């Protein structure tokens, strides 16, 4: 059973919003676009693996996506965590292309693609470090010790995986997503002793969800972008220009002639993603380029946002 559904990470959503609102010639665009490509590739790989997770047993098999847990002053994030009554499985999901070589001697991943050789951190070491941190987290929350295994899963079927003949660890723990169910079955056969009963499993699931801390970076600060750098206005869903105007409770694009009732929704979501979780009527008017207080009020009320205060002092909150 999937407890924590696969969702696009908040930071990735914020990066998409930032690129929508950033001028084409802004010097920060190339770096942000590169980060977005990496983030989308990772998310695509996780969605590809999620297909196979649907074939796991539904009873006493709890699946968590993108779980981020505290560890002292820091946090550790696990792509997929699978809880059962007999063992726990950590999954590191990767979406690389090219030929990969897992160097056991120096604990590094070497990729050869497009006549370019690159070095990346060893995903096995990463998974083992997550296991150490998860073990400490379980102990801190007074859950019984039980087997924790790990897999590094590559979701791109065309990726070539190679390693030394004596690198037993890589052969046991690194797989393509197509054989995930087969490898999971072998693990389930290996771990047959019960360590967590159903009640304990449910309690652990609730504690994990309660402890989860979503990553929520300020992307403006990260890339050194100020509020004044952002493009305001409502973007046309057809031609993507920011020239839409409000006419008779609809948005009209003078560039392509498109009419749309709800074009403001994306703009408000962009505001909340980039500028904060609250909005006043004035801030709404400034961002949507509206002059009418009453029009802004109708739009904000149509979004069914929670709020506090009255009249000019009213503040609306992000859903």
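Residues that are touching a helix residue (DSSP H, G or I) at 6+ places or on another chain (Cβ under 7 Å), part of a strand (DSSP E or B) and more than 12 Å from residue 6 (Cβ to Cβ) were ranked within region 55-87; the one that is modelled with the lowest pLDDT is 71.
Residue 10 versus (1) in contact with a helix residue (DSSP H, G or I) (Cβ under 7 Å, 6 or more places away or on another chain); (2) surrounded by 14 or more Cβ atoms within 10 Å (Cβ to Cβ); (3) modelled with pLDDT under 95: which is the lone unmet condition? Answer for residue 10: the failing condition is (1).
Across region 215-237, the qualifying residues are those that are over 14 Å from residue 20 (Cα atoms) and surrounded by fewer than 16 Cβ atoms within 10 Å (Cβ to Cβ), and the one among them that is farthest from the chain's Cα centre (by Cα) is 228. Based on this model, can you work out whether residue 31 counts as out of contact with any helix residue (DSSP H, G or I) (no Cβ under 6 Å at 6 or more places or on another chain), part of a strand (DSSP E or B) and loosely packed, with under 13 Cβ neighbours inside 10 Å? Spelling it out, it is not the case that residue 31 is out of contact with any helix residue (DSSP H, G or I) (no Cβ under 6 Å at 6 or more places or on another chain), part of a strand (DSSP E or B) and loosely packed, with under 13 Cβ neighbours inside 10 Å. Checked against the criterion of being touching a residue at least 24 places away in the same chain (Cβ under 8 Å), in a helix (DSSP H, G or I) and either in contact with a helix residue (DSSP H, G or I) (Cβ under 6 Å, 6 or more places away or on another chain) or on the phi > 0 side of the Ramachandran plot (or both), the candidates 143, 180, 102 yield just one match: 180. Looking only at residues of region 196-214 that are part of a loop (DSSP other than H, G, I, E, B) and either at pLDDT below 95 or surrounded by fewer than 16 Cβ atoms within 10 Å (Cβ to Cβ) (or both), we find that the one that is nearest to the chain's Cα centre (by Cα) is 214.
In region 1-20, the residues that are free of Cβ contacts under 8 Å to residues at least 12 places away in the same chain never reach a residue that is surrounded by fewer than 17 Cβ atoms within 10 Å (Cβ to Cβ) and in a helix (DSSP H, G or I) with C-beta atoms less than 8 angstrom apart, at least six apart or across chains.
Here residue 109 passes the criteria (1) crowded, with 20+ Cβ neighbours inside 10 Å; (2) in contact with a strand residue (DSSP E or B) (Cβ under 7 Å, 6 or more places away or on another chain); (3) more than 19 Å from residue 210 (Cα to Cα); (4) in contact (Cβ under 8 Å) with a residue 40 or more places away in the chain except the one numbered (4). Within the set 52, 43, the sole residue that is assigned to a helix (DSSP H, G or I), more than 30 Å from residue 230 (Cβ to Cβ) and modelled with pLDDT of 95 or more turns out to be 52. Restricting the search to region 240-249, which residues are surrounded by fewer than 14 Cβ atoms within 10 Å (Cβ to Cβ), over 28 Å from the mean Cα position of the chain (by Cα) and either outside any loop (DSSP other than H, G, I, E, B) or modelled with pLDDT of 95 or more (or both)? The answer is 245, 247.
The values are calculated or read from the model by the stated rules, or taken from the named source; none is laboratory data. Just so it is clear, the model here is predicted, and its values are computed rather than measured. Glycine gets a Cβ as well: all are built from the backbone with ideal geometry, and neighbour counts include every protein chain shown.
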